[in-house]
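Everything below concerns the one structure shown next.
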Amino acid sequence: MSANQEYIVISGARENNLKNVSLSIPKRKISIFTGVSGSGKSSIVFDTIAAESTRLLNENFTMFVRTFLPKYPQPDTDAIENLSMAVIVDQKRLGGGSHSTMGTITDIAPIVRLIFSRVGHPYVGPAHIFSFNDPQGMCPECNGIGRRLGVDMSKAVDMTRSLNEGALMLPDYSIGSFEWNMLMEAGSYDLDMKLSDYPTDLLEQLLYGKARKVEVLFGGKTMNITVEGVIEKFTNKYIKRDVKTMSERTQKSVTPYITEGPCASCHGARLSQAALNCRINGYNIAQLSAMEVGQLIRVVHEIDDPIAAPIVKALTERLQHLVDIGLEYLTLDRETDTLSGGESQRVKMVKHLSGSLVDVTYIFDEPSVGLHPRDVHRLNELLLKLRDKGNTVIVVEHDPDVIKTADHIVDVGPHAGSRGGTIVYEGSYEGLLTSGTLTGNFMKRPLQLKQDCRQPSGKLSVHNASLHNLQNVSVDIPTGVLTIVTGVAGSGKSTLINDIFLNQHTDAIVIDQSAVGVSTRSNPATYTGIMDDVRKAFASTNKVNQGLFSFNSKGACENCQGLGVVYTDIAFLDSVKLPCEVCGGKRFKEEVLEYKLNGKSIADVLEMTVEQALSFFELKEVVKKLQAMSDVGLNYITLGQPLSTLSGGECQRIKLASELHKKGSIYVMDEPTTGLHMSDIGQLLGIMNRLVDAGNTVIVIEHNLDVISQADWIIDMGPDGGSKGGQVVFEGTPTQIDHAEQSITGKYLK
Ligand code: ADP
Ligand code: ADP
Ligand code: ZN
Ligand code: ZN
């Protein structure tokens, strides 16, 4: 192997803001890409390296097959050499519905089934009968879903009221409505007696009576009608049928009255009785699947049947990977669509660790997301393991402790957008510290604990919360200050804030990382409302209809319907996006592009970055909205960039930008530092402080020490994850936390 085969060599990369970048990435080593957000890290790693790998993969198809495939455009670069197959391990949530669980996605579930089929008592049959996805294994009552829908009785009837006082609260039964009248005509109900005073059989008939034909006098005529109990009818009409097939209006009105409860037959275990009767050391398969991985690994260790030994070994190895990456608080029966982005990424990572691929280029996007400083070393160990299996590991990351483990660091910058796009440092960690780059300087900066914390104006209390792992938690959240909720992954932060607190305070403004924008035509301009102002300006200047400048009007390019790109679906691949051949990505018809505003067409405006637009526009409304985007660190994005191309962190900041002007509100943010470089965090803190100074309450779930140290109030959850967590271990100011013995966060703030 010649020396230059030891490197992936990229020459003249020019995607997005890259300025003819050339670099060499050592193979079978860990390379970390860092730099301020918008500097061009993703443009190198995803839009150049990963894109070229996908294109090469396609070239492997025969010429015949390729004539049916779209042509993947070559990334804008002179050359990329020695690239191996790339696997991208990102933070996209693992979907998959209720049949996809931690056990199925990691391929651990089939091993557990195999063990039961070999050494379980009594012997029941082949491995597949332990699968809730198998017709023979699933509980016949709930089809392996484990839950059944039912009526939420607390919302459907009020037993303390009489019928005339509105005891029936289901949508169809308002007093005097058709259903109500029919029901009252058909039975001899006392309209003024509280339902709680009704004799049992009458109440039974009112609520659960089976359909029966009765003759009623209605409007002077005798009619034959069918009546059934209120709950019985609702169940037949809405629950036994798939609500999702009904009109949106119906869905909206009935779903509040429907709850999901465990299946009465399998109690949520999803499996047939035969499968559940089979046990190993006293446990059935459902009990093992509901056990936290940390405990499961000990139980599995105790299976000492020689027949099972090789399977036990394989199982232990995989479970150990989950423990190693800090997911020991999860259970195998956990549905994957309830995992957070960071958890999803770590689960995917485990799948690859157990795989046998070598000489793969693994690409990670900020794998430290959701990890407390205590657990970052576990991530580092896994990256090292992947490397030592002979793979090339490329990571986009800001966490100083991950950066430290790199064999090779690439610092992209110096700033964002057009002021970035170059490589400001390449080399070792020690070299980075003395390089004088933003990253190098920030790595050396000592942590400052906030001294003069604000006094709260009041408090919002949570009482005796016990959802998921919460252990009867009661906590006061101060108002009018910046509160940081922290703790190791799985300690219960999201459960406390997102599930309990937000349920009580539905008016809170939630700024999370979920995708923004409903349509493929959404972009920062449409999302923030800038597009409306811009259209008006174009219309009045050119004396034409403003509708012309809308993506879904007759002014839009007809070939791509204003998208600028054309999507092609191919049977077995993801849909592929190609630039529109008619408008060349400009989205509008030629004649619309003729209309100018201060010399720029509508397409030119959409291509401006926030920063450029700020110096172009003078309209007060537009400037205000642009300034808000600039304030949250989005100077570098273009007004027309599809929202679907924004990262989770950018989505979160764009939401923040459009909510900045509110006062007296509660703001809740979930890891807003995601995607932010150390030098961007000061700006984020500035925004949070401005919100608080304007009279708002700001509550932030965060692991970043720079942010935690600047809180007015810290709520630390723990002491550990899952069943070992779920308590508040510290409440107080940053300078008080180092006295809190149980607080792991305190140790890291010191
Ligand atoms: P980083 O990963 O360092 O945050 P990016 O590589 O995502 O930075 O972005 C670098 C520059 O390229 C930014 O100015 C960004 O707005 C721009 N950019 C990124 N993706 C696109 C895209 N799909 N279309 C247009 N501009 C883009
Ligand atoms: P954190 O936000 O601190 O990482 P979470 O609140 O997400 O912690 O999780 C706390 C505990 O609750 C963990 O044991 C986790 O597995 C469990 N948990 C969280 N969400 C769910 C869910 N939707 N279903 C079942 N268990 C959950
Ligand atoms: Zn069932
Ligand atoms: Zn077009």
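The values are calculated or read from the model by the stated rules, or taken from the named source; none is laboratory data. Everything numeric here is computed off the predicted structure, so don't read it as measured data. Positions of Cβ are backbone-derived with ideal geometry, glycine not excepted, and every protein chain shown enters the neighbour counts. For the accessible areas, the whole protein counts, side chains as well, though only heavy atoms, and no ligand, DNA or RNA atoms are used. Shrake-Rupley method; radii C 1.70, N 1.55, O 1.52, S 1.80 Å.
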Which number in (1) touching a Leu at 6+ places or on another chain (Cβ under 6 Å); (2) away from ligand 1 (no atom under 16 Å from the Cβ) marks the one condition that LEU593 misses?
(1)
Is it the case, given these coordinates, that SER540 is in a helix (DSSP H, G or I), surrounded by fewer than 21 Cβ atoms within 10 Å (Cβ to Cβ) and among the small types (Gly, Ala, Ser)?
yes
Restricting the stretch 596-633 to residues that are under 20 Å from VAL36 (Cβ atoms) and β-branched (Val, Ile, Thr), the one farthest from ligand 1 (Cβ to nearest atom) turns out to be VAL632
Looking only at residues in the stretch 545-555 that are open to solvent by 40 Å² or more (accessible area, probe 1.4 Å) and in contact with a helix residue (DSSP H, G or I) (Cβ under 9 Å, 6 or more places away or on another chain), which one is modelled with the lowest pLDDT?
LYS554
Look at the stretch 451-474 and say how many of its residues are touching a residue at least 40 places away in the same chain (Cβ under 8 Å) and outside any loop (DSSP other than H, G, I, E, B).
3
Suppose the filter is more than 16 Å from ligand 1 (Cβ to nearest atom) and surrounded by 21 or more Cβ atoms within 10 Å (Cβ to Cβ); does TYR636 pass it?
no
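For residues in the stretch 625-638 being assigned to a helix (DSSP H, G or I) and touching a residue at least 24 places away in the same chain (Cβ under 8 Å), which is farthest from PHE538 (Cα to Cα)? Before you say what the answer is, go through the steps one by one.
Taking the stretch 625-638 and keeping what is assigned to a helix (DSSP H, G or I), we get 625-631.
Now drop any that are not touching a residue at least 24 places away in the same chain (Cβ under 8 Å), which leaves 625-626, 628-629, 631.
On the way: LYS625: 18, LEU626: 18, ALA628: 23, MET629: 22, ASP631: 26 Å.
The extreme case among them is ASP631.
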Can you tell me which residue is farthest from ligand 4 (Cβ to nearest atom) among those in the stretch 479-496 that are open to solvent by less than 10 Å² (accessible area, probe 1.4 Å) and under 22 Å from GLN455 (Cβ atoms)?
VAL481
Subset of the stretch 108-138 [in a loop (DSSP other than H, G, I, E, B), touching a Lys or Arg at 6+ places or on another chain (Cβ under 7 Å) and more than 25 Å from SER368 (Cβ to Cβ)]:
GLY120, SER131, PHE132
Consider GLU215 carefully, then state whether it is in contact with a strand residue (DSSP E or B) (Cβ under 8 Å, 6 or more places away or on another chain), within 21 Å of ALA156 (Cβ to Cβ) and open to solvent by 80 Å² or more (accessible area, probe 1.4 Å).
no
Which of the numbered conditions does ALA515 fail, given that it passes all the others? Conditions: (1) open to solvent by 40 Å² or more (accessible area, probe 1.4 Å); (2) part of a helix (DSSP H, G or I); (3) within 30 Å of GLU558 (Cα to Cα).
(2)
Looking at (1) over 27 Å from GLY326 (Cα atoms); (2) part of a loop (DSSP other than H, G, I, E, B), find the lone condition where MET531 falls short.
(2)
In the stretch 639-650, what residues are near ligand 1 (Cβ under 9 Å from one of its atoms) and either free of Cβ contacts under 8 Å to residues at least 24 places away in the same chain or closer than 20 Å to VAL45 by Cβ (or both)?
GLN641, PRO642, THR645, LEU646, SER647, GLY649, GLU650
